Amino acid sequence: MNTFLIWLNSFGSPEKFHRVALRFEPWLLALAVICGAAALYLGLVKAPADYLQGESARIMYIHIPAAWMSLFIYGFMAAAGFCALVWHFKVAELMAMAAAPIGAGFTAVTLITGSLWGRPTWGTYWVWDARLTSELVLLFLYFGVIGLYNAIEDQRKGARAASLLALIGLINLPVIHFSVNWWNTLHQGNSINLFAGKSSIHESMLWPLILMAFATKFWFGASLLARTRAALLEFEAGKEWAQTALFGPRRPQA
Amino acid sequence: MRKGSVLSAFFGVIRRDALSLWRRRADALNPIWFAAIVITLFPLALGPEAAKLARIAGGVIWVIVLLASLLSLDALFRADLEEGSLDVMLTSAQPLAVLAGAKILLHWIATGLPLLAITPLAATALGLSPRALPVLLTSLALGTPIISVIGACAAALTAGLRRAGMLLSLIVLPLVVPVLIFGAGAVEASLTGASTTQPLLLLAAGLAAAVSLGPLVCAAALRLGNH
Amino acid sequence: MSDSPDDSVPLLAARGLAVVRQGEPIFGPLDLELRAGEVLLVEGGNGSGKTTLLRVLAGLLAPSHGQILRAGIESEDLLAPVGFLSHATGLRADLSPLEQLDFFACLYGVRPGIAAMAALHSVGLAGFEHMPVRRLSAGQRKRCALAALLHTANHLWLLDEPYANLDRDGQILVDRLLEGHIARGGAALITSHGLIEPQLSRVRRMRLELADA
């Protein structure tokens, strides 16, 4: 085993993970709030309204970062699942499974904001646009992973099965994206693009997007650590370190 | 003592599953009846107007074939798991991917092939333009094995769950979206006069990838259930 | 048997083998060794982890700790086929015993000199060769699975409660099969809950205690 794996494995010890996660969580959460607030201020107040779509286009400061996250988290989940399958890291299993609902949440946000954005733009809440359709399929992929994990009684077995499914989904994701785009051009009638007529984004619109992208990443980090930590405590409730972590002298208020 | 050759193991699994399928041939026909009934439902729901039916026939047949293939997936590994013959396969030290490949091949022969056989009948009943029929058949011939492969991987992941049916659909359907798009898209393209080569070639590429990778993934999924 | 393995190397050995599930120990840690020409009897009450141990040794389940050596080589995966008999006999309900034996033979390879028909006759299934397994009794199914063991080529047998569901004759049959197997240079590990006493010439015993006792 090379040093990288040894390092990963030491991080993967449940007790150490719990300690490190507990230290990082509040910082990540604070960063998420600060970046998010700044991004909202810049996006909703400072940035100019879109010259084509007006004020309604401001929803993109939520929609686009959420769409990025929906893909990013799927990739993260599959990567953690890969570590779980190959090296049998317990923490990686729990991390992959903790990431799934967060990713599904971001995907749902993307779909909801997309459909709200669609109302003033297209005059209807839902159009079978290539992006939205791909996103919808992505949501179903998340549901499959979450459903499989919950259906299998043995938690570790379930996590590994769902990890394998996430990996299969990751391989399939570009194919789905490509096929949906192809489908959209085949049926010409629906090819309306949210970004039609816009060739470049002005700098004042770029900053809030970047800040929000960071905010969502930090939020994901904090949320992931908290969820994984909770799952670890539940899984190892009988172990001594979990008892001290929950009821011991260090955290008596828990 | 020599162990049985890989080839004999492959055909052993096929022969055993084919035999038990033949003894339960009434059950094996269920996907076909299902497809026939659902095809009847469409004119009943939408009205018998020939032009409308002809317009949607390709897509309808594709969706029905997809759902009918799903029906029989649930039982793909159930018998092996319950009766313990999965243990037999695993302790035989034969490559599990080869045995899984045999099961996938038989699944396609038992469901994909009969569905393909009734497709001309269904296409005629729905009034699909005759010039689109060869494209529909080609797309189904290329696409149904992919459905069998992906479905078998999902069935291996859900093997041992008591009510796996709905979950299986939830897992399989998003994964086969591209197959449906290119399959039904090829038929659509042939109706509008566009080129059908691209979607059919993409399906063929998908088939090559599925056949080469699928059994390995399926074997990995089966092993997960045991480890 | 010409190609029987070297006697100095155990066919199967385990060191510090243990299975822990959801933080609860199932069995172990334990060491064991099984050489050609030996029967190892693992005794233990219900829930003592006998079946789990057997599945781990058969490569069906990954151990939580410890290592397994097959013919002296450390490996969790099987290097050669293993005759495995559990409560689920591995028989398909729609097939006849003869067809079952064919299937087993395709996977494991055939032991030279014992035809499928002869194997079925020697376990007392004469007359049932073509009857679907569905219509056989539990004891007859067990006999069919034993015939499959006899018919196929394995040095190592791992049998979970081979005496269960069998009548007096059947128990004598299991002893006879085991004697024949070790005489041919094979080895077997069998489990028992302790009610039935195997009548074997060479048997070593190992007691598996309840892990949390």
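The values are calculated or read from the model by the stated rules, or taken from the named source; none is laboratory data. Treat the numbers as computed from the prediction; the structure is a model and nothing was measured. So basically every Cβ, Gly included, is an ideal-geometry build from the backbone, and we count neighbours across all protein chains shown.
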Original post:
Which of (1) free of Cβ contacts under 8 Å to residues at least 12 places away in the same chain; (2) assigned to a helix (DSSP H, G or I); (3) over 22 Å from residue A:208 (Cβ atoms) is the odd one out, the single condition residue A:105 does not satisfy?
Top reply: (3)
Original post:
Do any helices (runs of 4 or more DSSP H) entirely within region C:83-161 hold 2 or more residues that are within 12 Å of chain B (Cβ to nearest Cβ) and within 17 Å of the chain's Cα centre (by Cα), and if so, which?
Top reply: C:97-108, C:138-151
**OP:** Might you let me know whether region A:110-117 holds any residue that is more than 10 Å from chain B (Cβ to nearest Cβ), surrounded by fewer than 19 Cβ atoms within 10 Å (Cβ to Cβ), in contact (Cβ under 8 Å) with a residue 40 or more places away in the chain and aliphatic (A, V, I, L, M)?
**Re:** yes
Original post:
So is residue B:134 more than 13 Å from every other protein chain (Cβ to nearest Cβ), in a helix (DSSP H, G or I), touching a residue at least 24 places away in the same chain (Cβ under 8 Å) and surrounded by fewer than 19 Cβ atoms within 10 Å (Cβ to Cβ) or not?
Top reply: no
**OP:** Considering only residues that are among the small types (Gly, Ala, Ser) and more than 14 Å from chain B (Cβ to nearest Cβ), look in region C:35-82 and name the one that is farthest from residue C:179 (Cα to Cα).
**Re:** C:66
**OP:** Check A:109, A:127, A:145 and return the single one that is more than 19 Å from residue A:231 (Cβ to Cβ) and either of a type in the set (Phe, Trp, Tyr) or modelled with pLDDT of 90 or more (or both).
**Re:** A:109
Original post:
Going by the conditions given, is residue B:184 of a type in the set (A, V, I, L, M) and facing chain A (nearest Cβ under 10 Å)?
Top reply: yes
Original post:
Is there a residue being within 14 Å of another protein chain (Cβ to nearest Cβ), in contact (Cβ under 8 Å) with a residue 24 or more places away in the chain and under 24 Å from residue B:155 (Cβ atoms) anywhere in region A:118-136?
Top reply: no
Subject >> Members of region C:15-35 that are closer than 19 Å to residue C:160 by Cα and not in a strand (DSSP E or B) >> reply: C:35
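A quick yes/no check of all residues on (1) aromatic (Phe, Trp, Tyr); (2) surrounded by fewer than 23 Cβ atoms within 10 Å (Cβ to Cβ):
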residue	(1), (2)
A:43	no, yes
A:47	no, yes
A:56	no, yes
A:67	no, no
A:71	no, yes
A:87	yes, yes
A:90	no, yes
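Each row is one residue, and each column tells you yes or no for (1) among the polar types (S, T, N, Q); (2) in a helix (DSSP H, G or I).
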residue: B:125; (1), (2): no, yes
residue: B:144; (1), (2): yes, yes
residue: B:152; (1), (2): no, yes
residue: B:160; (1), (2): no, no
residue: B:179; (1), (2): no, yes
residue: B:187; (1), (2): no, yes
Original post:
With (1) assigned to a strand (DSSP E or B); (2) within 21 Å of residue B:88 (Cβ to Cβ) as the list, and residue C:76 as the residue in question, which single condition is left unmet?
Top reply: (1)
Original post:
Restricted to region A:59-82, and to residues that are of a type in the set (Val, Ile, Thr) and touching a Phe, Trp or Tyr at 6+ places or on another chain (Cβ under 9 Å), which residue is modelled with the lowest pLDDT?
Top reply: A:59
Subject >> Condition met for residue B:17 (at pLDDT 90 or above and charged (D, E, K, R)) >> reply: yes
**OP:** Could you list, in sequence order, all residues of region B:22-33 that are within 11 Å of chain C (Cβ to nearest Cβ) and modelled with pLDDT of 90 or more?
**Re:** B:22, B:23
**OP:** Taking only region B:114-131 into account, find how many residues are closer than 25 Å to residue B:215 by Cα and either among the small types (Gly, Ala, Ser) or free of Cβ contacts under 8 Å to residues at least 24 places away in the same chain (or both).
**Re:** 0
Subject >> Of all residues in region A:207-246 being at pLDDT below 85 and either of a type in the set (D, E, K, R) or buried (at least 21 other Cβ atoms within 10 Å of the Cβ) (or both), the one that is nearest to residue A:22 (Cα to Cα) >> reply: A:245
Original post:
Taking into account only those residues within region B:162-172 that are assigned to a helix (DSSP H, G or I) and free of Cβ contacts under 8 Å to residues at least 24 places away in the same chain, which is farthest from the other protein chains (Cβ to nearest Cβ)?
Top reply: B:166
Original post:
Can you find a residue in region B:206-223 that is within 10 Å of another protein chain (Cβ to nearest Cβ), charged (D, E, K, R), over 28 Å from residue A:185 (Cβ atoms) and part of a helix (DSSP H, G or I)?
Top reply: yes
Subject >> Subset of region C:89-113 [among the aliphatic types (A, V, I, L, M) and either buried (at least 17 other Cβ atoms within 10 Å of the Cβ) or out of contact with any helix residue (DSSP H, G or I) (no Cβ under 8 Å at 6 or more places or on another chain) (or both)] >> reply: C:91, C:95, C:98, C:101, C:105, C:107, C:110
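This table checks each residue for (1) under 23 Å from the mean Cα position of the chain (by Cα); (2) modelled with pLDDT of 95 or more; (3) within 25 Å of residue B:163 (Cα to Cα); (4) within 14 Å of chain C (Cβ to nearest Cβ).
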| residue | (1), (2), (3), (4) |
| --- | --- |
| B:81 | yes, no, yes, yes |
| B:84 | no, no, yes, yes |
| B:87 | no, no, yes, yes |
| B:92 | no, no, no, yes |
Original post:
Is it true that residue B:53 is more than 16 Å from the chain's Cα centre (by Cα) and free of Cβ contacts under 8 Å to residues at least 40 places away in the same chain?
Top reply: no
**OP:** Kindly indicate the residue of region B:189-205 that is assigned to a loop (DSSP other than H, G, I, E, B) and more than 8 Å from chain A (Cβ to nearest Cβ) and also surrounded by the fewest Cβ atoms within 10 Å (Cβ to Cβ) among those meeting that condition.
**Re:** B:193
